[in-house]
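The values are calculated or read from the model by the stated rules, or taken from the named source; none is laboratory data. Here the structure is a predicted model, which is why all the values come from computation and not from measurement. Note that each Cβ is placed from the backbone with ideal geometry, even for glycine, and that neighbours are counted across all protein chains shown. The protein model used for the area step is the full one, side chains on, heavy atoms only, and it has no ligands, DNA or RNA in it. Shrake-Rupley method; radii C 1.70, N 1.55, O 1.52, S 1.80 Å.
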Amino acid sequence: MDTLLTISDISRRSGVASSALRFYEERGLIASERAGSGHRRYPRSVLRRIAFIVFAQRIGLTLEEIGAELAELPADRVPTRGDWSRLSGEWMKRIDQRIADLQRLRSGLTECIGCGCLSIDRCTLANPADAAGRKGPGPRYWQE
């Protein structure tokens, strides 16, 4: 049987504030049991879920998306490496997209902003012949 840990133990070991742990619990991302005193007690396995939450937030998943991902994990056993691998497989696409977005931003800083024209409709480097304008209003290069 899993050893139950206090919220302060979980906070210390995970590096996540107790207030955030309570918030995650309110959102249904983690679960605790209540001791006779009413204090929260967590199974050790919750540390893996918290690590998953923290990492997922760092790659840009919303709490709703994280909850949906966590709902895919088995409720009757501790998740295996294969379970975690299956969940994180789709993240590669998201990470690759963020890398591409950051590279476009970096390029814009050195090429577009650096050229001095400051006019996207006349810029021959980033927007030859106002190609973006034909795609419609708004930041078209960032919506692709």
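Given a 1.4 Å probe and every protein chain left where it sits, what share in percent of the accessible area of segment 7-70 is carbon and sulfur?
Details: 1670 of 3490 Å².
So the carbon and sulfur contribution to the accessible surface is 48 percent.
With the crude spin-label approximation of a point 7 Å out along Cα→Cβ, what separation in nm comes out for residue 130 versus residue 72?
For the pair residue 130/residue 72, the computed spacing is 4.4 nm.
Computed FRET efficiency, Cβ-Cβ of residue 18 and residue 107, R0 35 Å: what is it to the nearest 0.05? Intermediate results must be reported in sequence, preceding the final value.
Details: r = 42 Å, r/R0 = 1.21.
That gives a FRET efficiency of 0.25.
Mind checking the full-extension length gain between residue 90 and residue 6? Use 0.36 nm per residue of separation minus the Cα-Cα distance, one decimal, nm. Display every interim value, and only then the final one.
On the way: separation 84, 0.36 × 84 = 30.24 nm, distance 3.30 nm.
Stretched fully, the residue 90-residue 6 segment lengthens by 26.9 nm.
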